[in-house]
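Here is the structure we will look at, set down as structure tokens.
The values are calculated or read from the model by the stated rules, or taken from the named source; none is laboratory data. All figures in this text were calculated on a predicted structure; none of them were measured in a lab. Don't worry about glycine lacking a Cβ; one is built from the backbone with ideal geometry, like all the others, and counts go over all protein chains shown. SASA here: full protein model, heavy atoms, side chains in, ligands and nucleic acids out. Shrake-Rupley method; radii C 1.70, N 1.55, O 1.52, S 1.80 Å.
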Amino acid sequence: MEIILKKYSQSQIDKARKIKAIIFDVDGVLTNGGIIYTNSGDELKVFNVKDGQIIKHLKANNLIIGAITGRTSELVARRCEELKLDFFYQHVKDKFAVYNDVLEKYQLSDDQVTYIGDDIIDLKLIKYAGLGVAPADALEYVKGYADLVTEKKGGEGVVREAADFILAAQGLLEGIVKSYIDN
């Protein structure tokens with residue numbers, strides 16, 4: 001869709017056309033990075049439904065979708081199960097090792113992967129992925145390594161923005177949008 005693609009450079013569009021997998025961090029990407037603890041010790045997070053809505057379309061178009069996070073959280077596990085991600089790893093200390101395992105498992109090369117992250121632990125994945133993406137509110141030096149910085153902040157639809165761009169670059173978004181109009 002031209003309305004989306006006009007925001008991006010030809011280099012970014014060329015990179016997006018090659019993408020077969022989208023991998024993302026959770027805190028600071030799917031959420032705003034905040035964690036709320038109740039007096040009883042419960043943890044609360046807010047997820048953006050727009051991210052969830054596009055994931056089913058990515059999967060329907062044979063893109064591999066997954067998350068790698070350094071934290072452990074029942075809430076995050078539940079959200080990732082609801083989204084029916086192809087894989088989800090938590091409590092990861094070496095994200096790059098897990099990233100390489102994912103590439104091997106799915107027979108992918110770096111240039112076929114988008115990685116979305118916001119913090120120092122995500123730097124190597126952003127650097128090596130074919131399309132490294134950082135949210136608008138990522139740390140400045142993280143954004144410096146990204147191929148693309150979203151207009152959205154973490155928790156505000158970062159995955160959706162990146163996914164819409166990738167689907168548009170691959171000529172798939174228009175058909176998805178029309179399917180909602182024509183039905």
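Report for the chain the percent antiparallel among DSSP-assigned beta bridges with both residues inside it, nearest 5.
Working: 2 of 18 bridges.
For the chain, the DSSP antiparallel bridge percentage is about 10.
Mind putting a number on the dipole of the range 1-56 about its Cα centre? Charges go on the C-beta only, +1 for Lys and Arg and -1 for Asp and Glu, and I need it in Debye to the nearest 20.
Working: 9 positive and 7 negative charges, 103 e Å.
It comes to approximately 500 debye.
Protection proxy ranking, highest mean first, for peptides 101-107, 85-91: 85-91, 101-107, where packing is the per-residue count of other beta-carbon atoms within 10 Å, averaged. Between the entries [x] 114; [y] 241; [z] 125, the label attached to volume of the Cα convex hull per residue in Å³ calculated for this structure is [x]. Using +1 on the beta carbon of Lys and Arg, -1 on that of Asp and Glu, and nothing else charged, what's the dipole of the chain about the Cα centre, debye to 20? Approximately 320 debye in magnitude. An ellipsoid equivalent to the range 66-151, defined through the eigenvalues of its Cα gyration tensor, has semi-axes of 20, 16, 12 Å when rounded to whole angstrom and sorted largest first.
Antiparallel beta bridges, as assigned by DSSP with both residues in the range 1-92, represent about 20 percent of the total such bridges. Relative to the Cα centre, the charge distribution of the range 102-165, modelled as +1 at Lys and Arg Cβ and -1 at Asp and Glu Cβ, gives a dipole magnitude of about 100 debye. Residues Glu174, Glu81, ordered by accessible area of protein heavy atoms at a 1.4 angstrom probe radius and largest first, appear as Glu81, Glu174.
Distance from the C-alpha centroid of the range 87-152 to that of the range 1-60: 12 Å, rounded to the whole angstrom. Computed from the alpha carbon positions, the gyration tensor of the range 1-93 leads to an equivalent ellipsoid with semi-axes of 29, 15, 13 Å, biggest first. Cross-link pairs exceeding 28 Å between alpha carbons, from the set Lys84/Lys124; Lys6/Lys93; Lys7/Lys95; Lys143/Lys178: Lys6/Lys93; Lys7/Lys95; Lys143/Lys178. If I take every Cα pair under 8 Å that is 6 or more residues apart in the chain, average their sequence separation and divide by the length, what percent do I get for the relative contact order? Worked out over the chain, it gives 29 percent.
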